[in-house]
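Colleague: Please see the structure below; I have some questions.
Values quoted throughout were computed directly from the atomic coordinates according to the rules given, and no laboratory measurement underlies them. Here the structure is a predicted model, which is why all the values come from computation and not from measurement. Every residue, glycine among them, receives a Cβ derived from its backbone with ideal geometry; neighbour counts consider all protein chains shown.
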């Protein structure tokens, strides 16, 4: 029996045998037609009639190409899938390659056992164009992947998306084992988001530059004028770490945000902070705010300390959601994302996992500083952080901190652990 039949849709053929896509394009499949809606509606037979193609020759070519496909393409990391994505997953850069290897193995095992392909797109780059950047804004659930994993408080926390797809029950959290006591507050009481891991933000202190100043004990201390021009955070001229900024506002209001603006010396990439802290470099500051992973890579251990403030490490969630009617189909993916293998990869990189089968890697007694689900739902978190950052940028300019340190401030670094 031939692998490709005239009754199959273009979507079915290209999804199963990706190499056939070039054949359709060379025979008249235009860019405008190369989309999910068109390809799921058009059969191979209809395409041949539309383009006046010899069926005998074309079907032979399609089947020869299908047979020559030595590997079934399931996981896309560099190019956008030719068909609708079943799973869209954003993960932090520090463990992307380990994740890719384990996840691809899981997808291939599922395919070998069941013959079912779950097409996944997990962009491997740490920046650059994102073909799914605005997919959250669709009103058609069929255009969305069946499961989505993302980072921070970006598009999928926007109020329109929540009202359209979460509050209506079309998307839901993934069922997991009960969280350990230390992570119970991260469990969504409404069952809409699954926090499967998180970025733990800490302070990295350079004691040589700190001098006689006290080590900050709480996050709100970063708004104290005694740290003027002595703090470096991740971000750019236009924005800084969203989680830090929103917590400063939550704890101290607008005045605290304004005060902290004068304390920010510069915005660097976290890896640059880890390299500079405790070194003899002239640039740098006494206090850095960054993800625990990067703080832990600082080589200058004699002159630095990693501080988990008394109220806890700042939490930036890594979360997952699935379409309610696709929950069973997507279990191979969601079980992996919430399971021990993924949890081990994440936790070993200092991004604690909520999977109870994985040991809690946070230092004993460390608390979490989480916004709380009521606060999260009272705000459109993306709009809130954008508006707050816009005001903060004005305060920084008024304080002169951007112009004084333009060598770094003009270069925009992507915050790798917050999307």
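Colleague: Ranked by Cβ crowding within 10 angstrom, fewest neighbours first, how are 162, 391 ordered?
Modeller: On the way: 162 19, 391 15.
The fewest-first ordering by Cβ neighbours comes to 391, 162.
Colleague: Next up: If you rank 319, 395, 17 by fewest surrounding Cβ atoms within 10 Å, what's the result?
Modeller: Numbers: 319 24, 395 17, 17 21.
Ordered from fewest to most neighbouring Cβ atoms within 10 Å, 319, 395, 17 come out as 395, 17, 319.
Colleague: Then there's this: Sticking with the crude label model, points 7 Å out along Cα→Cβ, report the distance from residue 38 to residue 56 in nm, one decimal please.
Modeller: 3.0 nm
Colleague: Using Cα pairs closer than 8 Å and at least 6 residues apart in sequence, work out the relative contact order for the chain, in percent.
Modeller: Values: 717 pairs, mean separation 87.9, N = 419.
Taking the mean separation of contacting Cα pairs over the length of the chain, I get 21 percent.
Colleague: Taking the Cα-to-Cβ direction at residue 104 and at residue 159 and moving 7 Å from each Cα, how far apart do the two end points lie in nm?
Modeller: Label at residue 104, label at residue 159, 4.3 nm between them.
Colleague: Given a Förster distance of 60 Å, report the FRET efficiency between residue 45 and residue 184 from their Cβ-Cβ distance, rounded to the nearest 0.05. List each step's numbers first, then the result.
Modeller: Numbers: r = 56 Å, r/R0 = 0.93.
Once the sixth-power term is evaluated, E becomes 0.60.
Colleague: Residue separation times 0.36 nm, minus the C-alpha to C-alpha distance between residue 177 and residue 283: what's the value? Show your work: numbers first, answer last.
Modeller: Values: separation 106, 0.36 × 106 = 38.16 nm, distance 4.63 nm.
Gain on extension, residue 177 to residue 283, equals 33.5 nm.
Colleague: Separate question: Going by the alpha-carbon gyration tensor, a ≥ b ≥ c the square roots of its eigenvalues, is region 10-70 rounded (a/c under 1.5) or, if a/c is not under 1.5, prolate (a/b greater than b/c) versus oblate? Walk me through the numbers on the way to the answer.
Modeller: Working: a/c = 1.74, a/b = 1.15, b/c = 1.51.
Here region 10-70 falls in the oblate category.
Colleague: Angle, helix 381-399 long axis vs. longest principal axis of the chain, Cα atoms, 0 to 90°, nearest 10?
Modeller: The two axes meet at around 40 degrees.
Colleague: Only Cα pairs within less than 10 Å get springs; with that Gaussian network setup on the chain, which residue of 81, 214, 332 has the largest fluctuation?
Modeller: With Cα springs under 10 Å in the chain, the top fluctuation among 81, 214, 332 is at 214.
Colleague: Contour minus end-to-end for residue 378 and residue 7, with contour as 0.36 nm per residue of separation and end-to-end as the Cα-Cα distance? All intermediate terms of the calculation are to be shown ahead of the outcome.
Modeller: Numbers: separation 371, 0.36 × 371 = 133.56 nm, distance 5.00 nm.
Extra length from residue 378 to residue 7 when fully extended: 128.6 nm.
Colleague: Only Cα pairs under 8 Å and at least 6 apart count here; give the relative contact order of region 14-164 as a rounded whole percent.
Modeller: Working: 141 pairs, mean separation 41.1, N = 151.
In percent, rounded to a whole number, it is 27.
Colleague: Taking the DSSP beta bridges in the chain as the whole, what percent of them are antiparallel, to the nearest 5?
Modeller: Numbers: 26 of 41 bridges.
Of all bridge pairs located within the chain, approximately 65 percent are antiparallel.
Colleague: If I model a spin label as a point 7 Å beyond the Cα along the Cα-Cβ vector, how far apart are those points for residue 398 and residue 142 in nm?
Modeller: 5.2 nm
Colleague: Given an 8 Å cut-off on Cα distances and at least 6 residues of separation, report the relative contact order of region 216-308 as a percent.
Modeller: Numbers: 127 pairs, mean separation 30.8, N = 93.
Relative contact order of region 216-308: 33 percent.
Colleague: May I pose another question? Using the alpha-carbon atoms, what tilt in degrees (0 to 90, nearest 10) does helix 242-261 show relative to the longest principal axis of the chain?
Modeller: 40 degrees
Colleague: Additional query: Please arrange 238, 266 by counting, for each residue, the other beta carbons lying within 10 Å of its beta carbon, fewest first.
Modeller: Working: 238 15, 266 23.
Result, fewest neighbours first: 238, 266.
Colleague: Right, something else. Report the calculated FRET efficiency for residue 250 and residue 78 (r = Cβ-Cβ distance, R0 = 41 Å), to the nearest 0.05.
Modeller: 0.55
Colleague: Sticking with this one: Mind checking the angle between helix 96-114 and the chain's longest principal axis? C-alpha axes, 0 to 90 degrees, to the nearest 10.
Modeller: It is inclined by approximately 30 degrees.
Colleague: Ignoring everything except DSSP H segments at least 4 long, calculate the 222 nm mean residue ellipticity for the chain; use -39,500 (n - 2.57) per segment, divide by total residues, nearest 500. Write out the running numbers ahead of the final one.
Modeller: Details: 16 runs with 145 residues, N = 419.
Rounded to the nearest 500, it is -10000 deg cm²/dmol.
Colleague: Given a 10 angstrom Cα cut-off, can you work out which residue in 337, 59, 381 is the most mobile in a GNM of the chain?
Modeller: Checking each option, the largest mean-square fluctuation is seen for 59.
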